[in-house]
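Remarks on the structure that follows.
The values are calculated or read from the model by the stated rules, or taken from the named source; none is laboratory data. Note that the coordinates shown come from a computational prediction; the quantities given were computed from them, not determined experimentally. We place every Cβ from the backbone using ideal geometry, glycine too, and count neighbours over all the protein chains shown. We work out accessible area using only protein heavy atoms, side chains counted, and drop any ligands, DNA or RNA first. Shrake-Rupley method; radii C 1.70, N 1.55, O 1.52, S 1.80 Å.
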Amino acid sequence: MIYKRSSTLFAAAEKVIPGGVNSPVRAFKAVGGTPIFVKEAKGAYLYDEDGNTLIDYINSWGPMILGHAFEPVVNAVIEKAKKGTSFGMPTEIETEIAELAVSMVPNIDKIRFVNSGTEACMSAVRLARGYTGKDKIIKFAGCYHGHSDSFLIQAGSGAVTFGSPNSPGVTEGTAKDTLLANYNDLANVEALINANKNEIACIIIEPVAGNMGCIPPLDGFLQGLRSLCDANDILLIFDEVMTGFRLAKGGVQELYGVDADIVCFGKVIGGGLPVGAFAARNEIMNYLAPLGPVYQAGTLSGNPLAMAAGLAMLTTLNNDAEVFNRLAEKTEYLHKGLAKVLDSNNITHTINRVGSMISVHFDAEPVVDFKTAAKGNNETFKTFFHGMLNQGVYIAPSAFETWFITDALTYEDLDRTIEACNTVFK
Ligand SMILES: *Cc1c(COP(=O)(O)O)cnc(C)c1O
C-alpha cells in the first residue's frame, strides 16, 4: 500500500504538533513508518487519505463498538447540535443517560460525567482520598489510568514500596503516594497493604487489563482484592474505561461478579465523543461538590452533543440482548483462526481474550502481568503489524495494545484477517 499523502500530511503536522500527533499511541514509534491519516470511516472500515481501505481493529481505541459512523449516534449528535452545543447549565439529557447508566451497571447509585477517561480516574482517586482521609494509592504495573500525575508511575530499580516517576514532570512527592503492585499477584498487594497500614485510600485496577495487551484476572484475584479492601478500609476502584459497556452491560462487575466501590468509565460511554464518568453508591458520591467537600468540575462536562452520542450508544447496547454474546463469538472465531495459522506456520505465540478484547503475544509463556507481557518478541510483532497493514488490516501499532472487536465486523472480514495473518508468516 502507498502512503504518500499520509506522509505529506504527517510532515506538515510534525511542524506544528509535537510528534505530529495529539496522543502518543497514534505515532508509529514502536513499529516504525508513518502514521496513517484517516479520511473517513464507516462500519468496520477505515478509508485513509491515500485511498486505501482498512479493516479496523482499533476502533478509536474502543468507543466504536458498533462500528464507525453508527447511524443512531450520528443522528443524535446532528439533531442536538442544531439546538446549541454547550450551555454550562443543566440539561435533561444528562439525567437520562445517568439513569440509564445506573440501571445497567451494578452497585452504583450516582454517576458524574467528565470529558475523558483520564479525568474520570483522576477524580475517582481524589474522591477516594477525600472519603477515606488517606493519601496513598495502589496501582498495578502495566495498567493505564490516563495521564494524570499519580498514575504515570512504574517500578524504579528496587522500588517495591515507593514508586519513582517515570515521566519527567511528575514530582517525587506525587510518586511516593503511588504504590506499585504486580497484576494478578495478591500476595504482593497484601504485602504493600501491611507495609502501609492505614495509609492506603484505594486500589485502582483495570479489572480486565487492556493496556498491556489483554490480561484477564486470574481466578480469585478480583475477589481477593475485594476482601483485602474490606478488611483494611480501602476503596476498590475499577477502571472500566475500556471494559465498561464492552464486556457486558454492567462491565466487569457483572461479568466476574465482584463489586467495586468506585467505577470509572470512558470510551464506549461517549459513543466516540469525549466523555468519561465515575460512579459509586450514594454514600461515596455524596462526598462530591456541591453536596460534599471533594471538589470536581468541568465547563464542558455533560456537554449535550457528548451526552446525545453516549445516550444513543448505551440505549442501543441496552436494547440488544445479544450484542455482547455476538461480539464474544466473533472474537473467539478470530482467536481460533489466528491461533491455527500461527501454529501451522510455527510462530510462537500466546493469545489472550476476554469478550471482545483480544491480544496476540509472540511468546509461549502465559501472559499474566506486565513482566510476561513485556517478554513478547517485538521484531515478530513489527513484521506482523506491517504485514497485516499491507493487506489492509489495521491493528494497533504496539504489541502492548488490545484489539477492539466491533460488531460491524462480518465473518468475511474475520476470514480475510486470518488469511492475512497466514500470508504474513507463511
Ligand atoms: C483509555 C483509558 C484511560 C484514559 O482515557 P482517556 O479518555 O484517553 O483519557 C483510562 N483507563 C483505561 C483503562 C483506559 O483504557
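Quick notes
- Criterion: touching an Asp or Glu at 6+ places or on another chain (Cβ under 8 Å), in the same structural domain as ILE193 (by TED's automatic domain parsing), in a helix (DSSP H, G or I) and closer than 24 Å to CYS214 by Cα - qualifying residue of CYS121, CYS143: CYS121
- Across the range 282-323, the number of residues qualifying as part of a loop (DSSP other than H, G, I, E, B) and open to solvent by less than 10 Å² (accessible area, probe 1.4 Å) comes to 1.
- Contact map, the range 87-103: first residue more than 18 Å from ALA312 (Cβ to Cβ), second residue assigned to a helix (DSSP H, G or I), Cβ cut-off under 9 Å, separation 6 or more or different chains; pairs are PHE87/PRO304.
- In the range 25-39, the count of residues that are within 16 Å of the ligand (Cβ to nearest atom), part of a loop (DSSP other than H, G, I, E, B), hydrophobic (A, V, I, L, M, F, W, C) and open to solvent by less than 60 Å² (accessible area, probe 1.4 Å) is one or more.
- Yes/no for ASN232 being touching a helix residue (DSSP H, G or I) at 6+ places or on another chain (Cβ under 8 Å), open to solvent by 10 Å² or more (accessible area, probe 1.4 Å) and either more than 24 Å from TRP61 (Cα to Cα) or modelled with pLDDT of 95 or more (or both): yes
- Selection count where residues are open to solvent by less than 10 Å² (accessible area, probe 1.4 Å) and either assigned by TED's automatic domain parsing to the domain that holds TRP61 or more than 14 Å from the chain's Cα centre (by Cα) (or both), scope the range 263-276: 0
- Inside the range 264-305, residues that are within 16 Å of the ligand (Cβ to nearest atom) and among the polar types (S, T, N, Q) make up a count of 3.
- Tally of residues being more than 9 Å from the ligand (Cβ to nearest atom) and either acidic (Asp, Glu) or open to solvent by 40 Å² or more (accessible area, probe 1.4 Å) (or both) across the range 131-148: 3
Listed here are the residues, each with its yes/no results for (1) under 21 Å from the mean Cα position of the chain (by Cα); (2) polar (S, T, N, Q).
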| residue | (1), (2) |
| --- | --- |
| SER6 | no, yes |
| GLY19 | no, no |
| VAL25 | yes, no |
| GLY51 | no, no |
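- Just one of the listed residues (ILE65, ILE78) is open to solvent by 80 Å² or more (accessible area, probe 1.4 Å) and either aliphatic (A, V, I, L, M) or part of a loop (DSSP other than H, G, I, E, B) (or both), namely ILE78.
- Any chance ALA309 is of a type in the set (A, V, I, L, M) and within 26 Å of GLY67 (Cα to Cα): yes
- Filter pass, SER86 being among the polar types (S, T, N, Q) and open to solvent by 20 Å² or more (accessible area, probe 1.4 Å): yes
- Where ASP48 falls short, out of the listed (1) modelled with pLDDT under 95; (2) crowded, with 18+ Cβ neighbours inside 10 Å: (1)
- The set of residues from the range 205-214 being over 14 Å from GLN253 (Cα atoms), out of contact with any helix residue (DSSP H, G or I) (no Cβ under 7 Å at 6 or more places or on another chain) and either open to solvent by less than 20 Å² (accessible area, probe 1.4 Å) or away from the ligand (no atom under 16 Å from the Cβ) (or both) comprises GLY210, CYS214.
- Out of ARG326, ARG353, one residue alone is open to solvent by 30 Å² or more (accessible area, probe 1.4 Å), in a strand (DSSP E or B) and at pLDDT 95 or above. It is ARG353.
- Matching entry among ALA260, ALA279 (being of a type in the set (A, V, I, L, M), open to solvent by less than 10 Å² (accessible area, probe 1.4 Å), closer than 30 Å to THR299 by Cβ and part of a loop (DSSP other than H, G, I, E, B)): ALA260
- Entry remark, the range 241-257: residues being more than 13 Å from the ligand (Cβ to nearest atom) and not in a loop (DSSP other than H, G, I, E, B) number 5 in total.
- Top-ranked residue of the range 117-130 - restricted to ones that are surrounded by fewer than 22 Cβ atoms within 10 Å (Cβ to Cβ) and over 29 Å from THR372 (Cα atoms), ranked as nearest to the ligand (Cβ to nearest atom): ARG126
- Annotation: of all residues in the range 329-350 being of a type in the set (D, E, K, R) and in contact (Cβ under 8 Å) with a residue 24 or more places away in the chain, the one that is surrounded by the most Cβ atoms within 10 Å (Cβ to Cβ) is LYS330.
- Candidate set: the range 101-116, residues that are open to solvent by less than 30 Å² (accessible area, probe 1.4 Å) and in a helix (DSSP H, G or I); chosen: the one farthest from the ligand (Cβ to nearest atom): MET104
- Hits in the range 390-414 (condition: open to solvent by 10 Å² or more (accessible area, probe 1.4 Å), in a helix (DSSP H, G or I) and under 19 Å from ASN59 (Cβ atoms)): TYR411, GLU412
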